[in-house]
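> I am attaching a structure below and will ask some questions about it afterwards.
The values are calculated or read from the model by the stated rules, or taken from the named source; none is laboratory data. Not measured: the values here are computed from a predicted model. Backbone-built Cβ (ideal geometry, glycine too); neighbour counts: all protein chains shown. Remember, those area values only see protein heavy atoms, side chains included, never the ligands or the DNA or RNA. Shrake-Rupley method; radii C 1.70, N 1.55, O 1.52, S 1.80 Å.
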Amino acid sequence: MAVSRKAASVRLDVERVVLPNGLVLLVSENHSSPSISISAIVRAGSRFEPDEKAGLASLAGELIEEGTTARTSQQIAESIDSAGGHLMTFGDYQSSRVAVLSLARDFNLGLDIASDMLINAAFPEDKVRQQIDKRVAQIKSRLDVPRTQASDVFNEIVFKGTPQHRPSVGYEETVNALTRSDILGFYDRYYVPNNTVLAIAGDIDTRETIARVDSALGKWQRVGGFALPEVSWPHLDAEAVEKCVAAPKEQVNMFMGHVGIRRKDPDYHALLVMDTILGSSPGFTSRIPRILRDEQGLAYSTFANITSSAGLDPGRFVAYIGTAPANLDRARAGLRGEIARIVEEGVTAEELDIAKSYLTGSFVLRFQRNGQVAEFMLEAEIYDLGFDYLEKYPELIRAVTVDEVNRVTRKHIHPERLTTVVVGPIDQTGRIISKEESHES
């Protein structure tokens, strides 16, 4: 059934079709440019891998382009490059993806290659070993990025006991232990048509596209009785937690927060407004960047939000600041103070109006390219937003009131239960280590 979708100057006609094998196809025509986006997601990521195989989903997602039973990795790459297209494959926490961007005239080529990878990935042994070695090097290099290290430590604490505590890329020891058999097992189990959503947007004809997809992917065998595993969700810590990690760097990186919300939480849009007021606006209006960075000069970079990580599972409320070691105490007190203030004092009508104007005004910019349209269709499908979300979103934001923002803030933000992780030139107690001490050690 075709449904017209309109948001500001955006209009999408989205057709949703379920093939007999269970694959969900979403199609949107856009004839403003002779290009096309093909994006397929498999509803399986690192949330379905055990701790001892951390990194498996991510590795499988990257390796899917390294050859099929019909094509070598070089043939895949040369075919895409010769057509001036772009291929991207990866696996993250929630899902695994194959995406092809190309000119409309090369639609058949892009669809054929994407279908081949989804159905016939071969995972050559030599490519598996090469990718494992590359991944191990990447994991080691993460320790040289204090902000990433601090985020990882924060997740280990806040999401303990759940799959989210692990980085999707895995750990050195778990990735090194992975085998081709592990990767093939994950692929065979989860890469099935009745666990896949395919979104196609661009200079296409809807009827013709549906027929082409049915021809290319209709032969993919449905798996009977397929069901996704249950995933445990994190719980809010009963009290505050602090963790200091020594890193011989010039800057201190600090994450502060706790468990957040799911994307389907009914308070999502009011919290989105709260985020914009507290720490997510790119301008000079958000409190934390304006006060801590611009007015007090405490931060190189800083932000705060609860909605950006909301997904199928609860994400995280997090406030971040990167600062000079000498400013650590003031920066920590500043973050805590602003978090507590928005809970205790709430927001003003002026802040609300500015935030709502920003959110409704910038929304249309999310749909300028075919890849963004395909991304929206996938998001609408995964989170049951409805394709009329483009029409509903501005009204959902405009309907948010000061009282509602204050209510959801008090409900979801807990200043007395914050986990704080600091990574930088400090010892385990949080004392700043001087350069002289660092050289001596």
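> In the stretch 141-172, which residues are over 19 Å from the mean Cα position of the chain (by Cα), of a type in the set (D, E, K, R) and at pLDDT below 95?
Listed by number, the list holds a single entry, Asp144.
> Got a sec? Which strands (runs of 3 or more DSSP E) wholly within the stretch 1-113 have at least 2 residues that are of a type in the set (Ser, Thr, Tyr)? Talk me through it step by step, then tell me what you get.
Values: elements: 2-7, 10-18, 24-29, 35-42, 86-91, 96-103.
The qualifying strands (runs of 3 or more DSSP E) are 35-42, 96-103.
> Continuing with this model, one more query. Which ones in the stretch 114-146 are outside any helix (DSSP H, G or I), closer than 17 Å to Glu66 by Cβ and either aromatic (Phe, Trp, Tyr) or open to solvent by 20 Å² or more (accessible area, probe 1.4 Å) (or both)?
Going residue by residue through the stretch 114-146, those that are outside any helix (DSSP H, G or I) are 121-124, 143-145.
Those still in the list that are closer than 17 Å to Glu66 by Cβ too: 121-124.
Hits for the stretch 114-146 are Ala122, Phe123, Pro124.
> For the stretch 219-242, which residues satisfy the criterion of being under 18 Å from His165 (Cα atoms) and either exposed (fewer than 14 other Cβ atoms within 10 Å of the Cβ) or within 25 Å of the chain's Cα centre (by Cα) (or both)?
Just the residues of the stretch 219-242 that are under 18 Å from His165 (Cα atoms), to begin with: 229-238, 240-242.
Within the stretch 219-242, Pro229, Glu230, Val231, Ser232, Trp233, Pro234, His235, Leu236, Asp237, Ala238 meet the criteria.
> If a residue counts only when it is surrounded by fewer than 17 Cβ atoms within 10 Å (Cβ to Cβ), at pLDDT 95 or above and out of contact with any Gly (no Cβ under 6 Å at 6 or more places or on another chain), which helices (runs of 4 or more DSSP H) contained entirely in the stretch 351-441 have at least 1 such residues?
Working: elements: 370-382, 389-398, 402-412, 435-440.
Fully inside the stretch 351-441 and qualifying: 370-382, 389-398, 402-412.
> Looking only at the stretch 256-281, count every residue that is outside any helix (DSSP H, G or I) and under 17 Å from Tyr320 (Cβ atoms) and tell me the total.
Initial filter on the stretch 256-281 (outside any helix (DSSP H, G or I)): 256-267, 281.
Checking which are under 17 Å from Tyr320 (Cβ atoms) leaves us with 256-260, 281.
Residues meeting the conditions: 6.
> Can you pull out the residues in the stretch 379-438 that are within 19 Å of Gln251 (Cβ to Cβ) and free of Cβ contacts under 8 Å to residues at least 24 places away in the same chain?
Once the filter is applied, which keeps residues that are within 19 Å of Gln251 (Cβ to Cβ) and free of Cβ contacts under 8 Å to residues at least 24 places away in the same chain, the stretch 379-438 yields Arg431, Ser434, Lys435, Glu436, Glu437.
> In the stretch 248-255, is there at least one residue being over 19 Å from Val408 (Cα atoms), among the charged types (D, E, K, R) and not in a helix (DSSP H, G or I)? Steps first, answer last, please.
Just the residues of the stretch 248-255 that are over 19 Å from Val408 (Cα atoms), to begin with: 248-255.
With among the charged types (D, E, K, R) added as a condition, the list becomes 249-250.
Pick out the ones that are also not in a helix (DSSP H, G or I) and you get 249-250.
Checking the stretch 248-255: at least one residue is over 19 Å from Val408 (Cα atoms), among the charged types (D, E, K, R) and not in a helix (DSSP H, G or I).
> While we're here: Looking only at the stretch 22-55, which residues are open to solvent by less than 10 Å² (accessible area, probe 1.4 Å) and aliphatic (A, V, I, L, M)?
Residues satisfying the conditions are Leu23, Leu25, Leu26, Val27, Ile36, Ile38, Ala40, Ile41, Val42, Ala44, Ala54.
> Quick check on Ser82: is it polar (S, T, N, Q) and open to solvent by less than 60 Å² (accessible area, probe 1.4 Å)? Working first, answer last.
Details: polar (S, T, N, Q): yes; open to solvent by less than 60 Å² (accessible area, probe 1.4 Å): no.
No: the conditions fail for Ser82.
> Being closer than 22 Å to Phe363 by Cα, small (Gly, Ala, Ser) and touching a Pro at 6+ places or on another chain (Cβ under 9 Å) is the filter; apply it to the stretch 281-303 and report the residue that is modelled with the highest pLDDT.
If we take residues in the stretch 281-303 being closer than 22 Å to Phe363 by Cα, small (Gly, Ala, Ser) and touching a Pro at 6+ places or on another chain (Cβ under 9 Å), then Ser281 is modelled with the highest pLDDT.
> What is the one condition in (1) closer than 30 Å to Tyr300 by Cα; (2) open to solvent by 50 Å² or more (accessible area, probe 1.4 Å) that Val158 does not satisfy?
All conditions are met except number (2).
> Which condition number in (1) in a loop (DSSP other than H, G, I, E, B); (2) open to solvent by less than 10 Å² (accessible area, probe 1.4 Å) is the one that Phe317 fails?
(1)
> Right, another one. Give me a count of the residues in the stretch 162-218 that are open to solvent by 10 Å² or more (accessible area, probe 1.4 Å), among the aliphatic types (A, V, I, L, M) and closer than 15 Å to Gly45 by Cβ.
1
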